[in-house]
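These notes are about the structure you will find just below.
Just so you know, all these numbers are worked out from the coordinates, no wet-lab data involved. Predicted model, so just to flag it, every value in this text is computed and none were measured. Cβ coordinates were reconstructed from backbone atoms using ideal geometry, including for glycine residues, and neighbour counts include every protein chain displayed.
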Amino acid sequence: MLVWERPEPPDRPVLGPLSRERIVRTAIRLADADGLEAVSLRKLAAALGVGPMRLYGYIATKEELLDLMVDAVHAEIRPTGDGWREVLCSLAEATRQAVHQHEWLADLIGGRPQLGPNTLASGEAVVAAMGGVDLDAAVPAISAVNAYVIGAVRREITERRAERATGMDKKQWQATFGPYLERTFATGRFPALAMVVRDGPHLDADQTFRTGLDFLLDGIEARISS
């Protein structure tokens, strides 16, 4: 029986109150602070003040725990709006915000389908918003937006982690590598890239995300309308 359907064991107050919700909430707190590496069952049990074996009454494997954590965060991803475009835009923005709040989520989204109740509720809202759009267009459209968001937020989180690892923010990185690019472009071997760097738009992360999303939604709208 999947974890979503499996009942919890009866509480044993003499050993300290415990529940699946409390376990997941604590695991998310540990992951938010120190990443997924901090979410071993041993560390989680220590944070809860219980023995590791007691956790197995609520979760059978670490994979189940990760699924529960992802689904709990999906409670924060509730697409809203009038019409499919607003709802898809809301889905993208809410997912990005959730990943920024819970950096570890970038490592877990985009794999096998999540089947928890919060994730299903989010998916239900998105599919329902497609309204009269034919399923042959609606399903690829939703998949395209999800793929765009996953790729975009993973890049942002990768850059954030690189800044922490190197101690260089974007401006410091540009100051360090800028002279090398200038020397390289001066050879004339990469004229198109040189033009992009010198004359192209230099958008911040928010602008980059929303501009790319608009391009994608415009393409979906043109396809649906044709």
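Apply the Kirkwood formula to segment 13-73: the hydrodynamic radius equals the inverse of the mean of 1/r over all pairs of different alpha-carbon atoms; give it in Å with one decimal.
Result for segment 13-73 stands at 11.4 Å.
For every helix of n ≥ 4 consecutive DSSP H residues, a contribution of -39,500 (n - 2.57) applies; sum these over the chain, divide by its total residues, and give [θ] at 222 nm rounded to the nearest 500 deg cm²/dmol.
Result for the chain, helices only: -21500 deg cm²/dmol.
Taking the Cβ of each residue in His100, His74 as the centre, tally the other Cβ atoms inside 10 Å and list the residues starting with the fewest.
His100, His74
Which of the peptides 44-52, 177-185 is most tightly packed, and how do the rest follow, going by the mean number of other Cβ atoms within 10 Å of each residue?
Order by mean packing, descending: 44-52, 177-185.
Measure nothing fancy, just the Cα-based angle from helix 170-185's long axis to the longest principal axis of the chain, in degrees from 0 to 90, nearest 10.
40
Relative to the longest principal axis of the C-alpha atoms of the chain, give the angle of the C-alpha long axis of helix 135-166, reported between 0 and 90° and rounded to the nearest 10°.
Orientation of helix 135-166: about 90 degrees from the principal axis.
Rounded, prolate or oblate for the chain? Axes are the square roots of the Cα gyration tensor eigenvalues, ordered a ≥ b ≥ c, and the cut-off for rounded is a/c under 1.5.
Note, shape of the chain comes out oblate.
Note down the net charge around Thr208, summing +1 for each Lys or Arg and -1 for each Asp or Glu among other residues with Cβ under 10 Å from its Cβ.
With Lys, Arg at +1 and Asp, Glu at -1, the net is -1.
Please give the net charge around Glu156, taking every other residue with its beta carbon less than 15 angstrom from that of Glu156, where Lys and Arg add +1 and Asp and Glu add -1.
0
Quick check: from the Cα gyration tensor, does segment 1-127 come out rounded (a/c under 1.5), prolate or oblate?
Here segment 1-127 falls in the prolate category.
Arrange the following residues from fewest to most other Cβ atoms within 10 Å of their Cβ: Glu63, Glu76.
Glu63, Glu76
What size of dipole, in debye to the nearest 20, comes out for the chain about its Cα centre when the only charges are +1 on Lys and Arg C-beta atoms and -1 on Asp and Glu C-beta atoms?
860
Quick one: check the C-alpha center-to-center distance for segment 155-226 versus segment 67-131, whole angstrom.
The two parts, judged by their Cα centres, are 26 Å apart.
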